Amino acid sequence: MNIFTILISTIFVNNYVFAQFLGICPFLGVSNKTETATGMGIAVTFVVTLSSVITYVVHHQILARFGLEYLQTIVFILVIASLVQLVEMFLKKSSPGLYSALGVYLPLITTNCIVLGVAILNIDKEYNIIQTIFNALGASIGFAIALLLMAGIREKFEFSNIPKPLQGFPISLITAGLMSIAFLGFSGLV
Amino acid sequence: MTGILYPVVVLGGLGLLFGVSLGLASKVFAVEVNPKVEAIRKVLPGANCGACGYPGCDGCANAIVEGKAPANACVVGGKSVAEEVSKIMGVEAGEFNRQVATVLCQGDCSKAKNKYKYTGLRDCRAQNILAGGSKSCSYGCLGCGTCVDVCNYNAIHIVNGVAFVDKEKCVACKACINVCPKHIIELVPYDNQFVVKCKSNDPGKVVRGHCSIGCIGCQICVKNCPEQAFSFESNLAKINYEKCTNCGICAEKCPTGAIFSGLEKLNAKAQ
């Protein structure tokens, strides 16, 4: 698979949120404002890409060498958790505004399944390092797009007349479902 | 032996590696926290209730140090906390303005009309869904006592079909304010005796039709207030609590009695 196919595939066809249903928690949690959604998208892009590279190196250079592939999950979580800590410190120093806007969702990237999912799928699909980087990039761009789209729609909710029982989360979940169906339209593209 | 040794060494080694690099990173990316913030954070109750309007006690401490919030920003901590905070900030404590929740409706069973008889769930939120509740005034207290249920301090009671807050027991935690589906509970300074206890934005004639003790927007209070503490917005008189001197002229002049004149006088009248 070449790099371009991987990018298109992960951004649209196999979008991690809409087609593989990973990372739903921040998708619903941080999509209230486009501003924070952008910040979260960038933070996730950074963490996913970097963690994919590190887990790739750790897996092939350390785990595979000692025949410890079965430790994959726990080691990957260790890598991701440390990385998120690093990003958190970095953001706190460089942009306190974004840090406070992301709030609790920043440490929650640790438990965001999209990060672990991408890392594990990279290994499962036997990508090389270049493919790994672009797969991670595509996955997180797809996630950021999903987050931004959702945030844009949810900002519109505030001015629309929604029936009372559907206000808040119900309408968001319905919207997410419809968006997922819409993204099914991309299937067969790759 | 190697079967157990390798995993332990590898995992331990990785953990150590990440731990050390994180430790180094925390030195590099260390953010200098204003020592005042930490000191104030220690004095605050630490309940993270959010009643001050900031996200938790950390947010409140930050706002106080940045000067965005007054030293008495913590409503729950009250006077003692305000004094501690102002000691840290190096300013005079000033008068701690205690605030209490107040139900802005007096339309009880004898004064307000009903449009139907409600026999459903005893919960204002449920009743409110049904055509905005049984009261014919769409701004009035529904009297099911949802605020009574959420009050942890036993400060609210339903008196003749309308919720009434006991000023002495209220700690201004805002639980009732957040739960009231009619949004008629507001924080009012403890020292202010006179409150316009009506939230109706309907024109006077409509208010009269619904309730005998609502604000009809006659503006007599606005004209008679010697301190010009009244303003008039969308058919409703509003008191500027800072300007009010508790002279009581407004309550005397109010033709409907929508301006509540303190519990003392209410009790005197009852006797």
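The values are calculated or read from the model by the stated rules, or taken from the named source; none is laboratory data. Note that the structure is predicted; figures quoted are calculated from it, not measured. When we count neighbours, we look across all protein chains shown, and the Cβ atoms used for this are built from the backbone with ideal geometry, even at glycine.
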By residue number, the members of region A:149-169 that are assigned to a helix (DSSP H, G or I) and closer than 26 Å to A:GLY39 by Cβ are A:LEU149, A:MET150, A:ALA151, A:GLY152, A:ILE153, A:ARG154, A:GLU155, A:LYS156, A:PHE157, A:PHE169
Q: Would you check if there is a residue in region A:83-100 being buried (at least 17 other Cβ atoms within 10 Å of the Cβ), in contact with a helix residue (DSSP H, G or I) (Cβ under 9 Å, 6 or more places away or on another chain), part of a helix (DSSP H, G or I) and small (Gly, Ala, Ser)?
A: no
Requiring at least 1 residues that are within 12 Å of chain A (Cβ to nearest Cβ), the helices (runs of 4 or more DSSP H) wholly within region B:1-119 are B:2-28, B:56-66
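May I ask you to list the residues in region B:1-40 that are of a type in the set (Lys, Arg) and at pLDDT 85 or above?
Filtering region B:1-40 for residues of a type in the set (Lys, Arg) gives B:27, B:36.
Once the filter is applied, which keeps residues that are of a type in the set (Lys, Arg) and at pLDDT 85 or above, region B:1-40 yields only B:LYS27.
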(1) modelled with pLDDT of 85 or more; (2) under 15 Å from the mean Cα position of the chain (by Cα); (3) on the phi < 0 side of the Ramachandran plot all hold for B:CYS198 apart from (2)
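One residue is enough: does region A:139-150 have a residue meeting the conditions farther than 22 Å from A:PHE21 by Cβ and surrounded by fewer than 21 Cβ atoms within 10 Å (Cβ to Cβ)?
No, region A:139-150 has no match at all.
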Picked from region A:40-88 (must be without any contact (Cβ under 8 Å) to a residue 40 or more places away in the chain and away from every other protein chain (no Cβ under 12 Å)), the residue farthest from A:ALA119 (Cα to Cα) is A:HIS60
